[in-house]
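The values are calculated or read from the model by the stated rules, or taken from the named source; none is laboratory data. These numbers were taken from a predicted model, which means no experiment stands behind them. Methodologically, a virtual Cβ is constructed for each residue, glycine included, from the backbone with ideal geometry; neighbour enumeration extends over all protein chains shown.
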Amino acid sequence: MGAFDLDILLGTLSPDVLMIVFIGVLIGIIVGAIPGLNGAIGISLLLPLTFAMDPQNGILLLGGIYMGGMYGGSITAILLNVPGDVVAAPAAMEGYPLTKQGRAKEALYYSIFSSMVGGFLGVLTLILFTPPLANLALMFGPAEMFFISLSGLVVIGAIAGNNVYKSIFAALLGLFISTIGVDMAAGAERFTFEAMTLRQGINLIPIVLGLFCFAEMFLNIGKKSNEVMTYKDQSIKRMTVIKDVIKHKFLVVKSSLIGTFIGILPGVGTTLAVFMAYGESKRTSKRRDQFEKGNTEGIMAAESANNATVGSSMVPLLALGVPGSPTTAIIAGALIIHGIVLGPSLFEQRPDVAYTFLYGMLLTVVAMGVIGAFGIKYFSYILKVRQEFIVPTVLIFALFGAYSIRNSLFDVLIAIIIGLFGVIFKKTGVPLAPVIIGVVLGPLIERNLTRAMTIAEAQNVPLIQYMLTNPLSIALLGFVILLLVIVLKMRKKDFGA
Amino acid sequence: MKKVIGLSSVALLGFLAACGDNNDDAVNDNNGAADNNGNTNEVNDVDNNDNNNDMNNDMDDDNDMNNDDNNNDMNDDDGETAEADPDYPEQPIEIIVPYSAGGGGDTVSRILSDAMSDELGEQVNVVNREGAGGEIGIAEMANAEPDGYTLGVFGYPDNFVLENTTDTDFTFDSFEYIASFDDVPHALFTSPGSGLETTEDVIEYAEENPGELTIGESGALGLLKVLAFEDEAGIDVSPVNYDGGGDLVNDLLGDHIDVASSSITAAPEITDSGGTPIGYAAAERLDMFDDYPTFEEQDLDLNMGVRRVVVAPEETPDEIIQALSNAMDQLGESEELEQAFSDAELPYEYLDYEELNDYLDEQNETLQPIIDENEDDF
């Protein structure tokens, strides 16, 4: 890259660009905060609007929603224990216990400031290192993707509680759910019972909504407000939290880097990044016994990691034209309709679009910080609302969210059924996060393994040999084994078995 | 700070309102003017036009023309029996797209819904119903009320291949095929490190190393395209299935597979990163993709591609089909529409009702034997 254009930089600071960034981030935070909606839904809703805009402003609007949405989910996760998206799940696991202790505002401040650090580092990486990182992404073929996805399963061990069997059950259940549907490689139908609706498989979002939203709300029905949470006008200064975040600079930067690197890989993306950073923070924390009881380090790690993926998931999109996630695929659509060719030549042929977008993304981090830091006081007013109003409102949004992914009532049904299972899991202490990790990683592990098998067969080499032909895949296998050893040691120390 | 709260609640309300209207803000925005045009043949008043962007203004001009024509005898020239229903449409129209937002099929339907809103004088909304390679959405179109208010846009031959390879709720005849605006030819790309530069190289390599060449494919048509290439070139390759175009291109550019089977519209991005388009399935070179060779030039008879078709459920009244077909003919003459397609790098080629149905019959005959011969592979 290297080309630094002052005109474009100044252009980015023009009032209309600033306004677009601000509006985008605000919409993103709102759709992210509403249980059941997320940044991807916000982006697909506003996609048609960008057709009439200049391409750089259009994608900046969408980029703002992406950035804001990644943060917004944490607000309701922390306050109501209903993460609308997988990426906010750790924020709920650590933040909601704090809310119950009357420390909601503190948790929200931790969330916004670490989100800012993560978002900033992610975008900075995008600006400075796009070409080399894009080449790194290309090195990840079927074998490499298989190993990295496998490492995600190992991470479950780190975040699991004292009953390992319950976690294993949860992970296996997630993997099982992911097998439902038509297997695209062989065309075989699995667990579809000849029903067309099951052939498309079970979408991730209804599962997330079911486990996190519906289950929580079902459990809250009939409870008195003060049993669930209390509103306290906690007198915590922003500076106190900022100082603590700075004190944990190593943790925040490390988590941001985990988010950045994993975010680059197409398909694996955010979920793995968030849980890996969260698990890593648990490993290194001195207050490990505080996890799931309100550990601010967990919030910092997960929140910086998820916002870091915003910038880095655009690396393959801008550099190669390869969208790494559903969200970036929609952003790609917004550019394609304007006839903008993504790939290395983007920076030469349309530097106006490319650089305005890159610098503008930095502004989205600023806008997110401003809205977040000043809005937190008002966000926490949600806690004053009586439970009788919260439960139906959240349920309605969640129903709407489940429907809106594919405009399908079937998805709503799935969300409700999974919600009922979620209630049982919560009552019996089965952890929910491993289910989600299983659902996300199952297809990645399976599809990449079948691809590796096909290619190995074509090349007439044994599968093992193909999987370990290049240094990167050997290194990744080493990483999986190392991770396994670390997790086992950690568990032995904590639980003695 | 009160302002932030105020703004958020306004944005929230606006957002919810937008959701209620089937996910399409742009259409809402354009519709003020179109509503007035539609059924009454009134001349647009100036105020309405001011609110629209350039494209809409031009469309409105066409619209005036069309509304005058609709009552004349132009239908008779088409040689079709039914008269166009003069009252259609009286309410908003929904277009089901069986693919997710952001992809090629989605882009086509959004461009069309915009133009159709102006042409028909009623709001036309796009609804994405993706899943199972298009099967979910296509089945829903087939089962929709045949009243002309639920239409569909999908890529032919997705429906034909699905129908022949899986147990679907629809058949080819579940639809009235009204018009088509673009034809995207199938193309093959070789990876940067494969050393294969031409179709000849690929065939030669595959002949010397039977079964060793890996060709990545994705989507309902992916495998069919690879099998057709195998048959035509008389070679044996290993197809590798991918979930979507993104994964596929990533593995091609990273040299994890030798060849990718995709459409020619992916050429600019792939060429940019070092991949080579070795050929595409068109009778002759398209202006848009002038730099790349066709299969025809290389003596391969591979005429396959994706045509986005506008369809209605089969029992839709002839009068409505006729009205839609007339509207499509008007759009087929719109230079703005053609421009919108070429801006999005979609090879534009308008086929009217009769041309499209002839084309589809011919394509079905070409595809059927390929599917039958390779039944075991699906």
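Structure data summary
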quantity: Failed item, numbered, when A:GLY161 is tested on (1) more than 11 Å from chain B (Cβ to nearest Cβ); (2) in a helix (DSSP H, G or I); (3) in contact with a Gly (Cβ under 9 Å, 6 or more places away or on another chain); calculated: (2)
quantity: Only listed residue being within 14 Å of another protein chain (Cβ to nearest Cβ) and over 30 Å from A:LEU346 (Cβ atoms), chosen from B:ILE321, B:ILE371; calculated: B:ILE371
quantity: Qualifying residue in region A:383-405 (condition: touching a residue at least 40 places away in the same chain (Cβ under 8 Å), assigned to a loop (DSSP other than H, G, I, E, B) and of a type in the set (A, V, I, L, M)); calculated: yes
quantity: Per-region count, region B:115-129, residues touching a residue at least 40 places away in the same chain (Cβ under 8 Å), touching an Asp or Glu at 6+ places or on another chain (Cβ under 9 Å) and not in a strand (DSSP E or B); calculated: 7
quantity: Members of region B:304-330 that are surrounded by 17 or more Cβ atoms within 10 Å (Cβ to Cβ) and part of a loop (DSSP other than H, G, I, E, B); calculated: B:MET304, B:THR316
quantity: Subset of region A:14-52 that is out of contact with any Lys or Arg (no Cβ under 7 Å at 6 or more places or on another chain) and without any contact (Cβ under 8 Å) to a residue 24 or more places away in the chain - its residue that is farthest from the other protein chains (Cβ to nearest Cβ); calculated: A:SER14
quantity: Failed condition for A:GLU348, given (1) surrounded by fewer than 19 Cβ atoms within 10 Å (Cβ to Cβ); (2) facing chain B (nearest Cβ under 9 Å); (3) of a type outside the set (Lys, Arg); calculated: (2)
quantity: Test: A:PHE191 is touching a helix residue (DSSP H, G or I) at 6+ places or on another chain (Cβ under 8 Å), buried (at least 22 other Cβ atoms within 10 Å of the Cβ) and of a type in the set (Phe, Trp, Tyr); calculated: no
quantity: Qualifying residue in region A:417-430 (condition: within 14 Å of chain B (Cβ to nearest Cβ), part of a helix (DSSP H, G or I) and over 18 Å from A:LYS166 (Cα atoms)); calculated: no
quantity: Subset tally (residues that are of a type in the set (Gly, Ala, Ser) and either in contact with a Pro (Cβ under 8 Å, 6 or more places away or on another chain) or assigned to a helix (DSSP H, G or I) (or both)) for region B:332-362; calculated: 3
quantity: Pairs where the first residue, in region B:130-156, is away from chain A (no Cβ under 11 Å) and in contact (Cβ under 8 Å) with a residue 60 or more places away in the chain and the second is among the hydroxyl-bearing types (Ser, Thr, Tyr) and assigned to a helix (DSSP H, G or I), C-beta under 6 Å, 6+ apart; calculated: B:ALA142/B:SER174; B:VAL153/B:SER109
quantity: Close pairs (8 angstrom Cβ cut-off, 6 or more residues apart or separate chains): under 15 Å from A:PHE140 (Cα atoms) in region A:464-487, of a type in the set (Asp, Glu) anywhere; calculated: A:LEU472/A:GLU144; A:SER473/A:GLU144; A:LEU476/A:GLU144
quantity: Single condition A:ILE371 does not satisfy, out of (1) of a type in the set (A, V, I, L, M, F, W, C); (2) closer than 26 Å to A:LYS249 by Cβ; (3) more than 9 Å from chain B (Cβ to nearest Cβ); calculated: (3)
quantity: Unique residue being among the hydroxyl-bearing types (Ser, Thr, Tyr) and over 20 Å from B:ALA283 (Cα atoms) when the list is B:SER342, B:SER334; calculated: B:SER334
quantity: Matching entry among A:ALA143, A:ALA170 (being touching a Phe, Trp or Tyr at 6+ places or on another chain (Cβ under 7 Å), crowded, with 20+ Cβ neighbours inside 10 Å and either at pLDDT 90 or above or within 14 Å of chain B (Cβ to nearest Cβ) (or both)); calculated: A:ALA143
